Amino acid sequence: MRFGLLFLAALTVFAPLAAHSTPSPRPTPTHAIEAEIEAKVSALLAQMTLEEKVGQLNFPSYAFPREPQIEAVKQGRIGAMLNVAHPDHVQVFEEAARASRLKIPMLFAIDSIHSFHIAFPTPIAWAATWRPELAERATEAIGRETAQIGVNLTFAPMVDISRDPRWGRVIEGAGEDPYLASAFSAARVRGYHKGGLATAAKHFVGYGAPEGGRDYNGAQISNAELFDRYIPPFKAAIDAGTETVMASFNTVNGVPVTANHRLLTGVLKERLGFDGLVMSDFAAVKELVNHGVAADLSEAAQKAIHAGIDLDMEGKAFTNHLADNVRAGRVPMSEIDAAVRRVLRVKYRMGLFPDSPGGVRKVPPAMPEAAVRKTARAVARESFVLLKNNGATLPITPQSGTVALIGAAALSTNDHSWYGPAGLEKPVTETLRDALGGRIGKDQKLLFAEGFADGCGQAFGDKEKALETARAADVVVLVLAEDCAASGEGVSRTHLGLTGVQGEMLDALAKVGKPIALVLETGRPLALTDVSEKVASLLIAWHPGTEGRTALAEVLVGEFAPSGKLPMTFPRSVGQVPISYDDLPTSRPSTGDRFTTGYVDEKPTPLYPFGHGLSYTTFRYSGLKISAPEVSRAGTVDIQVDIQNTGSRGGQEVVQLYTRQLVASRSRPMRELKGFKKIGLAPGEKETVRFSVKASDLVFHDDDGKPVMEPGKFSVFVGGSSVADLEGAFTIRRD
Ligand code: BGC
């Protein structure tokens with residue numbers, strides 16, 4: 001009963017937050033406003049010296065002592081700055097910009113990714129909720145907190161698709177699937193905008209596909225794959241109005257993106273029609289020398305501006321060499337003007353000039369901390385993914401008996417805010433031990449042992465005490481964490497198992513023989529084959545943020561049922577990586593026989609597939625109906641399915657729709673996500689869920705990157721994961 005009431009609360013929890021939302025603080029672009037902006041930009045450009053133009057393309061990091069930078073701003077030689085993390089500092093530079101000849105306002109940018117003050121779970125966890133509106137609320141809250149210090153641009157959202165959990169930055173994205181990631185990309189842009197920040201969709205493009213999973217490494221991506229898989233989330237961000245796009249560090253097909261005219265100008269600016277500004281990543285223009293495509297900084301500047309980089313982040317190549325390059329005739333003034341035009345256009349669009357057409361930027365008021373916490377808790381709650389739950393080990397109820405909570409991570413208040421301004425007071429964060437202690441049945445015993453010397457299990461603490469504690473209990477809740485510094489930028493891994501001595505602890509505890517509910521904090525999919533065999537239940541908690549451990553306790557005791565689904569495949573072993581659900585068929589589909597696709601030493605299937613995630617209840621899918629057996633190329637297919645909660649608890653389910661084109665001019669993925677809906681059902685309740693798929697949603701790209709719509713037969717699969725087995729079909733006619 002307690003569950004039922006709280007479950008209803010879960011479905012309505014967002015309504016009150018609307019009261020804290022404000023109308024969009026950004027001017028709404030119209031044709032008239034855009035025309036006025038272009039006229040103002042032209043007028044301003046006409047007044048600018050070459051040095052002032054180059055200044056608008058210079059984007060250094062805040063440095064100390066700051067007097068030289070203040071002076072440079074006054075001279076019009078700096079147009080944007082990153083990492084200004086204090087309101088007083090922002091003000092100093094704003095004043096300097098106002099004291100410059102042309103008084104052009106500055107961009108102030110920061111990595112406000114998943115936290116500013118209150119830490120939200122990390123973006124991969126947002127994707128695990130399968131509720132883009134939660135990511136929108138999260139980014140609005142983060143944006144509003146950040147905007148209070150005067151920052152006007154966030155280096156987010158990161159929308160890189162990745163099928164490679166060795167790459168540490170999967171934590172910042174929305175996983176492996178372009179459809180899911182596009183929904184989150186747009187939602188994150190909308191949320192930041194509501195929060196008063198402009199956005200930088202990053203890293204265009206292919207940064208998530210480095211060979212070997214090594215950060216910064218090159219990617220090989222065919223045109224077809226580029227447009228089918230990697231570009232859609234950028235397109236979604238552009239459609240949602242992102243003002244800026246950040247280029248990626250790496251090479252794609254041998255050419256660094258920072259010097260890649262085909263990708264930045266041909267694809268991003270011309271084909272996708274992006275007319276905002278394109279910035280380099282940190283020092284990436286300078287690093288063209290390391291890539292071996294420029295002999296020195298001067299040549300790096302030429303190549304980058306020609307490729308389509310408008311803003312040189314911390315590279316010093318533009319500021320030191322562009323003007324000379326223009327004077328020597330190596331860089332045409334038209335390339336400088338085009339870049340400056342984009343920078344000024346964005347500044348006008350953001351409402352930074354006092355005479356911005358469409359209105360001056362308004363910063364929405366800070367959200368009350370309680371409201372931010374409430375949103376952070378709600379996001380965390382829905383992000384946990386229950387991968388396994390033998391014998392209904394979870395939730396912990398009074399009938400579970402004595403509970404042994406084991407693991408120093410249960411005392412952790414680490415919110416994994418690896419990006420964001422430093423020096424702010426850390427918010428109060430409840431530990432899992434306290435949160436669970438406050439929720440366990442009043443006649444029930446909760447025993448606790450740290451077991452490790454640190455929260456990430458790098459070394460043992462009192463291991464024997466941990467084992468004794470397990471022996472004295474009926475059920476063990478073991479909390480383990482991927483090494484806290486093992487996710488994020490520059491932390492690729494080759495081993496995807498538990499770090500430190502956590503595996504040894506699990507082995508020892510498994511021998512005790514009590515059912516183990518493993519709670520695992522991680523920034524990426526791990527290879528958990530051995531781990532999974534030793535535990536009765538496995539809950540992926542990601543890095544849950546400031547309110548995360550409280551949310552975790554709520555879910556562990558069943559106040560809320562887990563409802564997350566994997567946005568990325570969990571492999572059986574590292575050798576399967578890269579891995580995703582949307583594989584192409586092969587000439588020899590796997591049968592287990594030697595001469596079929598697969599491995600001699602591993603199953604071909606993942607340990608836990610994309611889209612997988614259990615609840616404390618069960619759902620039955622039936623009654624799949626497809627509106628018509630055939631549709632035209634301009635038509636739409638309506639698909640409906642009934643879902644019933646067949647258990648005795650309430651719960652939420654993510655209903656997923658996949659299609660497969662059976663015969664086409666190129667092999668098409670065996671499944672592609674084309675729709676999803678998260679619904680809540682009370683015990684016994686049944687709901688019909690409807691999807692509409694346009695024939696045009698089934699377009700793919702050929703070797704030249706051209707969109708192709710081929711008529712033919714499509715299979716449809718509906719269910720609660722990418723291995724959904726309720727199947728139907730329809731055909732797209734030639735007409
Ligand atoms: C990262 C970007 C980040 C930038 C500024 C780079 O190293 O790749 O994602 O926005 O630094 O901090």
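So which of 69, 91, 47 is at pLDDT 95 or above, surrounded by 14 or more Cβ atoms within 10 Å (Cβ to Cβ), more than 16 Å from the ligand (Cβ to nearest atom) and not hydrophobic (A, V, I, L, M, F, W, C)? Of 69, 91, 47, the one residue that is at pLDDT 95 or above, surrounded by 14 or more Cβ atoms within 10 Å (Cβ to Cβ), more than 16 Å from the ligand (Cβ to nearest atom) and not hydrophobic (A, V, I, L, M, F, W, C) is 69.
The residue pairs whose first member lies in the range 698-713 and is basic (Lys, Arg), whose second member is surrounded by fewer than 17 Cβ atoms within 10 Å (Cβ to Cβ), and whose beta carbons are closer than 9 Å, counting only pairs six or more residues apart or on different chains, are 706/223; 713/662; 713/663; 713/729; 713/731. Screening residue 7 against (1) crowded, with 21+ Cβ neighbours inside 10 Å; (2) assigned to a loop (DSSP other than H, G, I, E, B); (3) at pLDDT below 90 leaves a single unmet condition, (2). If we scan the range 568-578, do we find a residue that is part of a loop (DSSP other than H, G, I, E, B), under 18 Å from residue 396 (Cα atoms), touching a helix residue (DSSP H, G or I) at 6+ places or on another chain (Cβ under 7 Å) and at pLDDT 95 or above? Within the range 568-578, none of the residues are part of a loop (DSSP other than H, G, I, E, B), under 18 Å from residue 396 (Cα atoms), touching a helix residue (DSSP H, G or I) at 6+ places or on another chain (Cβ under 7 Å) and at pLDDT 95 or above.
For the range 105-118, the condition holds for at least one residue, the condition being that it is among the hydroxyl-bearing types (Ser, Thr, Tyr), at pLDDT below 95 and touching a Gly at 6+ places or on another chain (Cβ under 9 Å).
Yes/no per residue for (1) of a type in the set (Phe, Trp, Tyr); (2) away from the ligand (no atom under 15 Å from the Cβ):
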{"position": "195", "(1), (2)": "no, yes"}
{"position": "203", "(1), (2)": "no, no"}
{"position": "207", "(1), (2)": "yes, no"}
{"position": "217", "(1), (2)": "no, no"}
{"position": "220", "(1), (2)": "no, yes"}
{"position": "228", "(1), (2)": "no, yes"}
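Restricting the range 104-148 to residues that are assigned to a loop (DSSP other than H, G, I, E, B) and within 16 Å of the ligand (Cβ to nearest atom) leaves a set whose member that is surrounded by the fewest Cβ atoms within 10 Å (Cβ to Cβ) is 111. Which residue pairs have Cβ atoms closer than 8 Å, lie 6 or more positions apart in sequence or on different chains, and pair a first residue in the range 238-252 that is on the phi > 0 side of the Ramachandran plot with a second residue that is within 11 Å of the ligand (Cβ to nearest atom) and among the small types (Gly, Ala, Ser)? Short answer, once both residue conditions are applied: none.
Selection within the range 230-245: residues that are more than 16 Å from the ligand (Cβ to nearest atom) and in a loop (DSSP other than H, G, I, E, B). The member of this set that is nearest to residue 164 (Cα to Cα) is 231. Within the range 427-439, residues that are among the small types (Gly, Ala, Ser) have Cβ atoms under 7 Å from residues that are surrounded by fewer than 20 Cβ atoms within 10 Å (Cβ to Cβ) in these pairs: 437/446, counting only partners at least 6 apart in sequence or on another chain.
One line per residue, one yes/no per condition, for (1) assigned to a strand (DSSP E or B); (2) among the β-branched types (Val, Ile, Thr):
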{"position": "617", "(1), (2)": "no, yes"}
{"position": "625", "(1), (2)": "yes, no"}
{"position": "641", "(1), (2)": "yes, yes"}
{"position": "663", "(1), (2)": "no, yes"}
{"position": "669", "(1), (2)": "no, no"}
{"position": "673", "(1), (2)": "yes, no"}
{"position": "716", "(1), (2)": "yes, yes"}
{"position": "723", "(1), (2)": "no, yes"}
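Tally the residues that are in contact with a Gly (Cβ under 7 Å, 6 or more places away or on another chain) and more than 23 Å from residue 483 (Cα to Cα), restricting the search to the range 165-181. Of the residues in that region, 1 qualify. Does residue 248 count as within 16 Å of the ligand (Cβ to nearest atom) and among the polar types (S, T, N, Q)? Here the answer is yes, as residue 248 does meet what is asked. Scanning the range 316-330 for residues that are of a type outside the set (Ser, Thr, Tyr) and touching a residue at least 60 places away in the same chain (Cβ under 8 Å) gives 316, 318, 322, 323, 326, 327. Restricting attention to the range 288-323, the residues being farther than 22 Å from residue 267 by Cβ, surrounded by fewer than 24 Cβ atoms within 10 Å (Cβ to Cβ) and of a type in the set (A, V, I, L, M) number 4. Among the numbered conditions (1) under 30 Å from residue 221 (Cβ atoms); (2) out of contact with any strand residue (DSSP E or B) (no Cβ under 9 Å at 6 or more places or on another chain); (3) of a type in the set (S, T, N, Q), the only one that residue 154 does not meet is (2). Of the set (1) crowded, with 20+ Cβ neighbours inside 10 Å; (2) of a type in the set (A, V, I, L, M); (3) part of a helix (DSSP H, G or I); (4) in contact (Cβ under 8 Å) with a residue 40 or more places away in the chain, all apply to residue 224 but (1).
Checked against (1) surrounded by fewer than 22 Cβ atoms within 10 Å (Cβ to Cβ); (2) part of a loop (DSSP other than H, G, I, E, B); (3) in contact (Cβ under 8 Å) with a residue 60 or more places away in the chain, residue 621 meets all criteria but (2).
Per the listing 319, 375, the residue uniquely touching a strand residue (DSSP E or B) at 6+ places or on another chain (Cβ under 7 Å), away from the ligand (no atom under 16 Å from the Cβ), of a type in the set (Ser, Thr, Tyr) and on the phi < 0 side of the Ramachandran plot is 319. Considering only residues that are within 12 Å of the chain's Cα centre (by Cα) and either at pLDDT below 95 or hydroxyl-bearing (Ser, Thr, Tyr) (or both), which ones fall in the range 184-215? Result: 185, single match. Of the residues 649, 620, the single one that is more than 30 Å from residue 210 (Cα to Cα), modelled with pLDDT of 95 or more, basic (Lys, Arg) and touching a helix residue (DSSP H, G or I) at 6+ places or on another chain (Cβ under 9 Å) is 649. The residues in the range 251-286 that are part of a loop (DSSP other than H, G, I, E, B), within 16 Å of residue 230 (Cα to Cα) and within 16 Å of the ligand (Cβ to nearest atom) can be counted, and the count is 0. For the range 484-507, filtering for residues that are small (Gly, Ala, Ser) and surrounded by fewer than 17 Cβ atoms within 10 Å (Cβ to Cβ) leaves 4. Inspection of the range 164-173 finds no residue satisfying the criterion of being at pLDDT 95 or above, under 23 Å from residue 208 (Cα atoms), more than 16 Å from the ligand (Cβ to nearest atom) and within 11 Å of the chain's Cα centre (by Cα). Go through the residues of the range 287-302 one by one and say whether even a single one is closer than 19 Å to residue 343 by Cα, in contact (Cβ under 8 Å) with a residue 12 or more places away in the chain and within 16 Å of the ligand (Cβ to nearest atom). Within the range 287-302 (the criterion being closer than 19 Å to residue 343 by Cα, in contact (Cβ under 8 Å) with a residue 12 or more places away in the chain and within 16 Å of the ligand (Cβ to nearest atom)), the answer is no, since none of the residues qualifies.
Out of 289, 293, 326, 346, one residue alone is at pLDDT 95 or above and assigned to a loop (DSSP other than H, G, I, E, B). It is 293. Checking the range 19-38 against the condition returns a match, with at least one residue being buried (at least 21 other Cβ atoms within 10 Å of the Cβ) and at pLDDT 90 or above.
The values are calculated or read from the model by the stated rules, or taken from the named source; none is laboratory data. Remember, predicted model here, so these are calculated numbers, not experimental data. Don't worry about glycine lacking a Cβ; one is built from the backbone with ideal geometry, like all the others, and counts go over all protein chains shown.
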